[in-house]
Structure formats: structure tokens, C-alpha cells
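Input: a single structure, listed below in C-alpha cells.
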Amino acid sequence: MKFSLIIPVYNRPDEIDELLESLTQQTEKNFDVYVIEDGSSVPCEAVCKKYEHQLEIHYHFKSNSGPGPSRNHGMDIAQGDYFIIFDSDCLIPAGYMAAVNRFLDKNYVDCFGGPDAAHESFSDVQKAINYSMTSFFTTGGIRGGGEKLGKFQPRSFNMGISRKCYKQVGGYGKIHPGEDPDLSFRIWNAGFDTALNKDAHVYHKRRIDFQKFSKQVYKFGVVRVILNKWHQGSAKLTYWFPTVFSLGLVFAIIIGYKIPLFWFLVDAYFLLIFFDALIKTKNVKISFMAIFTSLIQFVAYGYGFLKSQVKINLLKQNEHKAFPGFFFK
């Protein structure tokens, strides 16, 4: 089977350089690479040319339309039987393609996703953010590490999809973020299955500071309500947890330590996060930072989710008018 790797990029030539370098180390070479430049003002064409003797690489520049349509453009022009989508801020372990081949040979599925991890070269902040985004105790393992809360939804930083599935479903929509769970819902509705390939992991840098991370998870909270509206029956009670937690935290701060049970539970929860992060990272500093990144995640996501609930479900605003910045034209 021939694979085509699809990588959209916007003003990140340094990231593409690192990603392509990691692809040259693959132990199995049955793939070509399509780098889709999404209207960047700082292009990476020169970087791609540097690897044209090591990789079968194709560089395409297009007008800016967002990551979803850029991935679709890559799949439209690619020649592979099966597409693998990466974000530009990923590093790919040498055994990745071998793991994909083994998995699909044994358990063929038309769409799969893989987990992500923090590379040893990442900053402490990136490692703490990675913990908060992937831990069972913060996200339930739904972002690439497990299937604890239902059917697995592949994420576009590490996602495979067959040509047949893409052609039938139609690829990514123009919402961002949220385009990958939206695609998963439509894949299921079309009768295709998705699966987690635990051995096909990538190293994902994610956001590099607390402010950018807060903005990112705020957007996740907003789009969750939009996706629940688009895909009836997808809403879960657990999506309310960050909002309820954040409101409870604000309420408890206002009235002081008059609710000792609440504060005991909060302290116990963050202590659990600290020790779980310590086991996984073996670093005390990162474990303390993981408490802070987890708090940012809950508060920012909870605020975005509540704001979106009010605008869309209470005030009955159209999502495109309520949150125009979340949709590419």
C-alpha cells in the first residue's frame, strides 16, 4: 500500500524542517510527502527542496483557507491509496510507518488515529501542557491516549484516512478548531469505523506558552457546543465538568474556606495530578507546572463552553455570527 503524508503549514518553515528531517529516518519508505503551504507570508519551499533527494516530496502553495481545506487540497492531489495527516509542529519517530503498516495489515480500518507524546527536547512548559492534554485525569484519555469514553476520535495532528473514506465523506470542514471531531462524526455516519493505533505515536509540540495554551483550549470549549448542535446525540454530561469545576472554584473563592469538603476535593484532585505527572515525567518542576496547566485548561475550556452555550443554545444565535473567527471562508 502506498501512503501519502499530508502536511498543511502556515508560516512555520522551522517546524517543517524538523518534521521532514524526522521523516528521513523512517525504517519503511512506502510513502510520499505533500507539503501544503496555506498562503504563508514566510514560505517553506526552500526547506522542502533541501529534502527532495531524501524524500519523495511535493510542495504546493495555495491561498489561505485554513488547515481543514488545506488538508483536503493535499488529499485531492495526492497519489497514495491511504492518507496520513500530520500537523507541522510534530516530530515523527523512526518506526512510525512500520507501526502503521503492521496495524493496517492486521486490523484494517478506513480511519485511524495515534497518540502524541512530549519529546525529550521539548521545553518544560510544552511537557506540562502535553501532560494536561493527554492525561486520563484531565481529558479522560480522549485526545489520543485511550478509548475510555467511547469511540475513538482521531485528531488531525496524527490521523490516517483511506482514499475511499475521504472521497465518500468529503474531508474536513471550514471550522477551526473542531474540524477533526466533526470529520470523525461524519465518518461514523457514513458507515466507516475509526480506531486507535497506540503504536503509531508522534511527538507533538502543541502551544509553547501558557497564554497561547489558554487561547487554544478556550476555542476547544466554544466549538464543542457547535459540534453538539451539528451532530445530535454527541453531547455528553462530562463536557460540562470544566465549567462546573470553574464556577465552583470561583464561588468557593468568593465565600472563602466555608466549604471545607470542596477544598479538600480540589486539593486531593490536584495532588493526584501532581503525582501522576511525576510518575510519567519523573520531573518535579514539570509536575508542579502540570497543576497550573491543568487549571488553565479547565478554566479556559469551561469559560469557552459556557459562553458558547449562552450564545448558541440560550440566545439562539447562529454559530457563524456568534463566533465568526472560528470559520474560514
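Remarks
- Selection of first residues in the range 277-298 that are farther than 20 Å from Ser214 by Cβ and part of a helix (DSSP H, G or I) and of second residues that are among the basic types (Lys, Arg) and at pLDDT below 95, restricted to Cβ pairs under 8 Å at least 6 apart or on distinct chains, gives the following pairs, ordered by first then second residue: Thr281/Lys127.
- Contact map, the range 182-200: first residue assigned to a loop (DSSP other than H, G, I, E, B), second residue surrounded by fewer than 17 Cβ atoms within 10 Å (Cβ to Cβ) and not charged (D, E, K, R), Cβ cut-off under 7 Å, separation 6 or more or different chains; pairs are Ala190/Gln168.
- Candidate set from the range 89-108 (those that are under 16 Å from Ser162 (Cα atoms) and under 20 Å from the mean Cα position of the chain (by Cα)); member that is surrounded by the most Cβ atoms within 10 Å (Cβ to Cβ): Val100
- Test: residue in the range 247-265 that is surrounded by fewer than 20 Cβ atoms within 10 Å (Cβ to Cβ), basic (Lys, Arg) and more than 21 Å from Ala128 (Cα to Cα): yes
- Some residue of the range 66-75 being of a type in the set (D, E, K, R) and either without any contact (Cβ under 8 Å) to a residue 40 or more places away in the chain or buried (at least 21 other Cβ atoms within 10 Å of the Cβ) (or both): yes
- A single member of Glu37, Glu28 is touching a residue at least 24 places away in the same chain (Cβ under 8 Å), acidic (Asp, Glu) and surrounded by 22 or more Cβ atoms within 10 Å (Cβ to Cβ), and it is Glu37.
- The range 25-43, subset over 13 Å from Ser63 (Cβ atoms) and hydroxyl-bearing (Ser, Thr, Tyr), residue modelled with the highest pLDDT: Tyr34
- Of the residues making up the range 1-18, one or more are under 22 Å from Tyr82 (Cα atoms) and small (Gly, Ala, Ser).
- Odd one out for Gln79 among (1) modelled with pLDDT under 95; (2) in a helix (DSSP H, G or I): (2)
- In the set Phe61, Phe112, only one residue is part of a strand (DSSP E or B), farther than 13 Å from Gly160 by Cα and either among the hydrophobic types (A, V, I, L, M, F, W, C) or modelled with pLDDT of 95 or more (or both); that residue is Phe61.
The values are calculated or read from the model by the stated rules, or taken from the named source; none is laboratory data. The shown structure was predicted, so the numbers you read here are calculated from the model rather than taken from an experiment. Every residue, glycine as well, gets a Cβ built from its backbone with ideal geometry; the counts of neighbours run over all protein chains shown.
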